[in-house]
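Worksheet: one structure, shown below.
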Amino acid sequence: MGYILAQFVGALAGTGFAVLLFHTWLADPAVNYVATVPGPWGLAAAFLAELAISFFLMVVVLSVLSRPRLAPFTGLFAGTLIALYITFENPVSGMSMNPARTVGSAAFAHVWTGLWLYFTAPPLGMLLAVEVMRSSRSIRERICAKLHHDARARCIFCEHRMG
């Protein structure tokens with residue numbers, strides 16, 4: 001619960017700090033505090049888009065993490081996907097993938113359009129991805145929640161020890 005609370009506090013604090021530094025630009029109607037809102041295709045399209053990008057991101061992260069040679073590059077894979085999402089998916093749903101990110105911007109913009117979809121679609125997409133990946137026998141045996149295993153300590157998730 002503390003992690004979830006920290007996400008929301010961080011989103012609000014980060015947006016608040018940005019507002020202090022860049023109020024004129026962030027308050028501009030074209031930017032509107034970077035509020036996450038559904039695009040012109042509506043709520044259903046935004047919901048499906050958020051579900052899809054969250055699902056695919058989680059599939060990629062879990063796939064890369066399950067391969068020891070690729071695992072150290074998980075951040076690069078995820079970052080590349082997010083850059084692509086910002087470029088191509090943003091017009092459909094506003095590209096949130098995180099309810100805290102949506103709330104952080106919405107609080108300053110006073111725009112709460114479709115808030116429910118940003119609380120439901122990303123977690124559903126990620127949970128669906130985990131279930132799909134767990135059903136894959138080759139992944140099931142090697143999957144772990146950590147991005148990197150420290151050679152000096154046993155992993156509390158998968159018992160992995162590098163050395």
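Would you compute the Debye intensity of the chain from its alpha-carbon atoms alone, equal scatterers and no solvent, and pass along log10 I(q)/I(0) at q = 0.09, 0.10, 0.14, 0.18 Å⁻¹ to two decimals?
Debye curve over Cα of the chain, log10 I(q)/I(0) at q = 0.09, 0.10, 0.14, 0.18 Å⁻¹: -0.37, -0.45, -0.81, -1.15.
If you put +1 on each Lys and Arg Cβ and -1 on each Asp and Glu Cβ, how big is the dipole of the chain around its Cα centre, in Debye rounded to 20?
780
Could you state the number of Å between the C-alpha centres of segment 69-121 and segment 1-32?
14
Counting pairs of Cα atoms in segment 4-47, how many percent are more than 12 Å apart?
Everything past 12 Å amounts to 68 percent.
Take the alpha carbon gyration tensor of segment 14-106, find the square roots of its eigenvalues, order them as a ≥ b ≥ c, and report rounded if a/c is under 1.5; if not, report prolate when a/b exceeds b/c, else oblate.
The shape class here is oblate.
Identify which of Pro38, Pro99, Pro91 has the largest mean-square fluctuation in a Gaussian network model of the chain, with springs joining Cα atoms closer than 10 Å.
Evaluated over the chain, the most mobile residue of the options is Pro91.
Determine the calculated [θ] at 222 nm for the chain from helices alone, applying -39500 (n - 2.57) to every DSSP H run no shorter than 4 residues and normalising by the residue count; nearest 500 deg cm²/dmol.
Rounded to the nearest 500, the figure is -20500 deg cm²/dmol.
Rounded to the nearest whole Å², what accessible area per residue is found for segment 1-114 with the 1.4 Å probe?
Numbers: 6440 Å² over 114 residues.
Solvent-accessible surface per residue comes out at 57 Å².
Picking from Arg152, Arg67, Arg134, which is most flexible by a Gaussian network model of the chain using Cα springs under 10 Å?
Its mean-square fluctuation being the largest, the pick is Arg152.
Using 0.36 nm per residue of separation minus the Cα-Cα distance, give me the extension gain between Leu81 and Ile4 in nm, one decimal.
25.4 nm
Taking N as the number of residues in segment 61-130, what is its Cα Rg relative to 2.2 N^0.38 Å?
1.30
Using a 1.4 Å probe on the protein chains only, how many percent of the accessible area of the chain belongs to carbon and sulfur? Kindly include the intermediate steps, with their values, before the conclusion.
Working: 7060 of 9980 Å².
Percent of accessible area from carbon and sulfur atoms in the chain: 71.
Please identify, among Ala13, Ala106, Ala30, the residue showing maximal mean-square fluctuation in a Gaussian network model of the chain using a 10 angstrom Cα cutoff.
Per the Cα network of the chain with a 10 Å cutoff, Ala30 tops the list.
Helices from the chain with mean Kyte-Doolittle at least -1.0 and a Cα length along the axis of 18 Å or more, per DSSP H: which?
2-27, 43-65, 74-88, 115-134
The values are calculated or read from the model by the stated rules, or taken from the named source; none is laboratory data. Note that the structure is predicted; figures quoted are calculated from it, not measured. All Cβ positions, glycine included, derive from the backbone under ideal geometry; neighbour counts span all protein chains shown. For the accessible areas, the whole protein counts, side chains as well, though only heavy atoms, and no ligand, DNA or RNA atoms are used. Shrake-Rupley method; radii C 1.70, N 1.55, O 1.52, S 1.80 Å.
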